[in-house]
């Protein structure tokens, strides 16, 4: 009786292991860092909030939203166009505008950028965050990922481009990236897909069937 050739089984198991490694590798996307944007190029957009503090002038101070027309939603400040303007330029425009009402006004202008955090987070919403807030901090504001979140599959939408984020990757520095006005962060939902149940087990069963067929073939050809 000839010994059964077990190479197909060995190759089948190797194939199973290779498939599982490839699938797990495809499921995890590395973080793609967006190019840095200099401070002077970070502009205000519709939906942002501008915090204006005029020293000893509370009637000119407050938090005002940039409306659809590109100016602040305020009876007085609505004359100041701010959409697409850098924060430093916005301060100059507001200071120049106030010079017609106040002499030597001292003011502080700080933006609150409009950022959307959606998907598998506990409190998806549009948040207004101060300048310097990082992507990680924006996600924390939303309550953090849910138990169904795929930490290795998140997405940053910025300026018409997509940047995959791996929230569980401790090597990358996505947590140090400051958000920009209009950023959208999306955390994907974890599916019920199982590499072992849906791929490895079926392929392993197929490999066993191949071995069984080889054995039957050996017997019918007089090998047994």
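The values are calculated or read from the model by the stated rules, or taken from the named source; none is laboratory data. Since this is a predicted model, take the numbers as computed values, not measurements. Cβ atoms come from the backbone with ideal geometry, glycine included; neighbour counts cover every protein chain shown.
For segment 28-54, a residue qualifies if it is surrounded by 13 or more Cβ atoms within 10 Å (Cβ to Cβ) and farther than 18 Å from residue 112 by Cβ, and the qualifying residues are 28, 29, 31, 32, 33, 34. Here are the criteria: (1) at pLDDT below 85; (2) under 15 Å from residue 31 (Cβ atoms). Tell me which single one residue 187 does not satisfy. Residue 187 satisfies every listed condition except (1).
Pairs are defined by a Cβ separation below 7 Å, a sequence spacing of at least 6 or placement on different chains, a first member in segment 124-145 that is on the phi > 0 side of the Ramachandran plot and touching a residue at least 40 places away in the same chain (Cβ under 8 Å), and a second member that is part of a strand (DSSP E or B) and buried (at least 18 other Cβ atoms within 10 Å of the Cβ); the pairs so defined are 132/178. So, residue 41, is that one over 26 Å from the mean Cα position of the chain (by Cα) and either under 30 Å from residue 160 (Cα atoms) or modelled with pLDDT of 90 or more (or both) or not? No; evaluated as a whole, the condition is false for this residue. Restricting 198, 192 to those that are at pLDDT below 90 and either in a loop (DSSP other than H, G, I, E, B) or crowded, with 16+ Cβ neighbours inside 10 Å (or both) reduces the list to 192.
The residues of segment 55-85 that are in contact with a strand residue (DSSP E or B) (Cβ under 6 Å, 6 or more places away or on another chain), assigned to a helix (DSSP H, G or I) and surrounded by fewer than 15 Cβ atoms within 10 Å (Cβ to Cβ) amount to a single one, 78. Evaluation of residue 93 against the conditions (1) touching a helix residue (DSSP H, G or I) at 6+ places or on another chain (Cβ under 9 Å); (2) under 30 Å from residue 161 (Cβ atoms); (3) at pLDDT 90 or above; (4) assigned to a helix (DSSP H, G or I) shows that the sole unmet condition is (1). Is it true that residue 169 is at pLDDT below 90, surrounded by fewer than 13 Cβ atoms within 10 Å (Cβ to Cβ) and in a loop (DSSP other than H, G, I, E, B)? Considered against the rule, which asks whether it is at pLDDT below 90, surrounded by fewer than 13 Cβ atoms within 10 Å (Cβ to Cβ) and in a loop (DSSP other than H, G, I, E, B), residue 169 comes out as no. Scanning segment 129-154 for residues that are touching a strand residue (DSSP E or B) at 6+ places or on another chain (Cβ under 8 Å) and surrounded by fewer than 18 Cβ atoms within 10 Å (Cβ to Cβ) yields 130, 131, 132, 134, 137, 141, 143, 144, 146, 148, 151. Please work out which residue is modelled with the lowest pLDDT, limiting yourself to segment 103-126 and to residues that are part of a loop (DSSP other than H, G, I, E, B) and surrounded by 15 or more Cβ atoms within 10 Å (Cβ to Cβ). Top of the filtered list is 105.
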